[in-house]
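Sharing a structure, written as structure tokens. Questions coming.
The values are calculated or read from the model by the stated rules, or taken from the named source; none is laboratory data. Here the structure is a predicted model, which means the values were calculated and not measured. Methodologically, a virtual Cβ is constructed for each residue, glycine included, from the backbone with ideal geometry; neighbour enumeration extends over all protein chains shown. Quick note on the areas: whole protein, heavy atoms, side chains included, nothing else; ligands and nucleic acids left out. Shrake-Rupley method; radii C 1.70, N 1.55, O 1.52, S 1.80 Å.
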Amino acid sequence: MRTVVILGIALALAAIGPAAGAPKAQKVTVVLNEMSFTPSRVTVTAGTPVELVLVNRGKQKHEFMVYSLPRAGLAGEELEEWAKENTYFKGVEVTVETAGVEIEAEALMEVELAPGRSVTLEFTPQRKGTFEIGCHVEGHYEAGMKGTFVVR
């Protein structure tokens with residue numbers, strides 16, 4: 001009888017869904033175009049899950065990177081190396097979903113998207129602050145393809 005009661009409670013909880021009070025995911029879509037991110041400023045709340053959908057509506061391949069604000073004077077390959085070493089996602093569990101494929105990582109450095117493609121990143125931001133978003137495909141960042149990622 002005890003097993004039946006426990007099983008009944010488990011089934012009832014499963015039917016209710018996620019635990020009451022569990023935060024809903026923050027859903028954000030960022031469109032990558034020639035030479036911009038829309039929106040160029042993304043603000044999320046620390047400790048609350050994020051579903052970040054990236055859509056490349058441009059005609060060229062683009063990158064999406066989030067990293068600590070670089071020091072003045074960094075450019076080209078030096079800036080891209082800085083971005084990789086200082087990625088926001090270092091130590092953050094990230095699930096990447098696209099075209100039926102799901103990948104989990106703890107040190108996501110960049111996402112490259114071919115024209116017409118999209119991907120969803122799922123993660124829970126912890127570190128608060130202001131960070132930079134950049135596309136480091138040759139010439140894109142220099143043409144203004146950058147933005148701001150804020151975690152409050």
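Report the label-to-label distance for residue 106 and residue 93 in nanometres (one decimal), using points 7 Å from each Cα along the Cα→Cβ vector.
Between residue 106 and residue 93, the label points sit 1.0 nm apart.
Where in segment 132-152 does the amide nitrogen come within less than 18 Å of the point 7 Å from the Cα of residue 45, taken along Cα to Cβ?
Answer for segment 132-152: 150-152.
For segment 111-131 and segment 44-62, what is the separation of their Cα centres, given in Å?
4
Counting only C-alpha contacts under 8 Å and six or more residues apart, can you give the relative contact order of segment 39-139 as a whole percent?
It rounds to 44 percent for segment 39-139.
About the Cα centre, and with charges only on the beta carbon of Lys, Arg (+1) and Asp, Glu (-1), how big is the dipole of the chain? Nearest 20 debye, please.
Numbers: 15 positive and 19 negative charges, 170 e Å.
Around 820 debye, computed over the chain.
Could you name the lysines whose alpha carbon sits less than 24 Å from that of residue 146, not counting residues in the same chain fewer than 8 places away?
Filter leaves 27, 59, 61, 84, 90, 128.
Along Cα→Cβ, 7 Å out, is where each label goes; now give me the distance between the ones at residue 60 and residue 29 in nm to one decimal.
Between residue 60 and residue 29, the simple spin-label model gives 2.4 nm.
Next question, about the same structure. In degrees between 0 and 90, to the nearest 10, how far off the longest principal axis of the chain does helix 76-85 point, with axes built from Cα atoms?
Once rounded, one gets 20 degrees.
Another question, then. Would you mind putting 70-77, 109-116 in packing order, based on average other-beta-carbon counts within 10 Å, highest first?
Top of the packing list down: 109-116, 70-77.
Kindly report the accessible area of the chain per residue (heavy atoms of protein chains, probe 1.4 Å, no ligands, DNA or RNA), in Å².
About 58 Å² of surface per residue is accessible.
Can you give me the angle between helix 2-16 and the longest principal axis of the chain, using Cα atoms only, in degrees from 0 to 90, rounded to the nearest 10?
Taking the Cα atoms of the chain, the angle to 2-16 is about 40 degrees.
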